[in-house]
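Written below as structure tokens is the structure these notes are about.
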Amino acid sequence: MLCQQLLPTGGRAYVCGYDIVEQREEALRCIGYCPQFDATLDLLTVEEQLQLYAGIRGIVRAEWPALVDALCTLCELTMYRQTVTGALSGGNRRKLSVAVALVGGPQVVFLDEPSAGMDPVARRGMWTAIQRAAGHCSVVLTTHHLEEVEALADIVAIMVRGYVRCIGDKVHLKNKFGSAFEVSARLASAKWARCFESFMKAEFPEAVVVEGADRRFVYQLPRDRGFGDVFQTFQANKERLHVTDYSVSQTSIEQVFLKVRGLAEKLK
């Protein structure tokens, strides 16, 4: 709806202060949009594609070369600028779609699954491009990659079954829906499992078992212990408990998502 593809059935929404129904043209001038499925023209080269959208955006022709150079550099497309879009890999087509969304320097950019289909290296390059773009505009991004949320998001909204169930910055959501820490430990042998469980029960009575099978254990710890205290406790006892390796980490966005989804399912 915000991108004008669907008309709202009720209520009002504003982009850059413009009503998306009553001031549609003004709102659209503020928006850049990368759809989930690439809306590119297969017979045009990357350079021609960007020039086309620059013309549509009303950018004077004299500025096109600098614009194309900047966007190709930002989205790592320089070596493909003379390649027809139909010959690009799926990942490079996504890069082009993001570059098109940034043509003209819109104030708000909507990115729908921008890194879908990319390999991990290309995805991280895309994250860098999005972070740089976010320095000049507001970026609204949808994704199923929760590590992408960790890397990019300032404000996070979690949707479950079509409804926004929570919204806030990452620290707020982690504090509200997550435990303070997650401890993961691996034992030298399964025969030490009972000893380790007894230690956890005595040292961290409020800890919740997330996983406990064979040699690997994962616990969620409450907020009554500091990070340094938890780490020091494990470091001092790891040899006695026959712990080969362990980690102490903060709640992840994935854990927050699972908790919110679980709460939402209970409200059905």
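Looking at 248, 243, 256 in this structure, which one is touching a residue at least 60 places away in the same chain (Cβ under 8 Å), of a type in the set (A, V, I, L, M) and under 29 Å from residue 188 (Cβ atoms)?
That would be 248, the only listed residue that is touching a residue at least 60 places away in the same chain (Cβ under 8 Å), of a type in the set (A, V, I, L, M) and under 29 Å from residue 188 (Cβ atoms).
Where residues in segment 138-169 are assigned to a loop (DSSP other than H, G, I, E, B) and exposed (fewer than 15 other Cβ atoms within 10 Å of the Cβ), which of them is modelled with the highest pLDDT?
154
Looking only at segment 72-89, which residues are over 14 Å from residue 49 (Cβ atoms), under 23 Å from the mean Cα position of the chain (by Cα) and not β-branched (Val, Ile, Thr)?
Matches in segment 72-89: 74, 76, 89.
Can you tell me which condition residue 94 does not meet? The list is (1) buried (at least 16 other Cβ atoms within 10 Å of the Cβ); (2) over 29 Å from residue 149 (Cβ atoms); (3) in contact with a Cys (Cβ under 9 Å, 6 or more places away or on another chain); (4) not hydrophobic (A, V, I, L, M, F, W, C), and all the others hold.
Condition not satisfied by residue 94: (2).
Show the residue pairs that are 6+ apart or on different chains and have beta-carbon atoms under 8 Å apart, the first residue being within segment 4-15 and touching a residue at least 40 places away in the same chain (Cβ under 8 Å), the second being assigned to a strand (DSSP E or B) and not small (Gly, Ala, Ser).
Partner pairs satisfying both residue conditions: 15/31; 15/108.
Do you know which of the residues in segment 212-226 that are at pLDDT 80 or above and surrounded by fewer than 17 Cβ atoms within 10 Å (Cβ to Cβ) is nearest to residue 193 (Cα to Cα)?
Looking at the filtered set, the residue picked out is 216.
The values are calculated or read from the model by the stated rules, or taken from the named source; none is laboratory data. A quick note: this is a predicted structure, and the numbers were derived from the prediction, not measured. We place every Cβ from the backbone using ideal geometry, glycine too, and count neighbours over all the protein chains shown.
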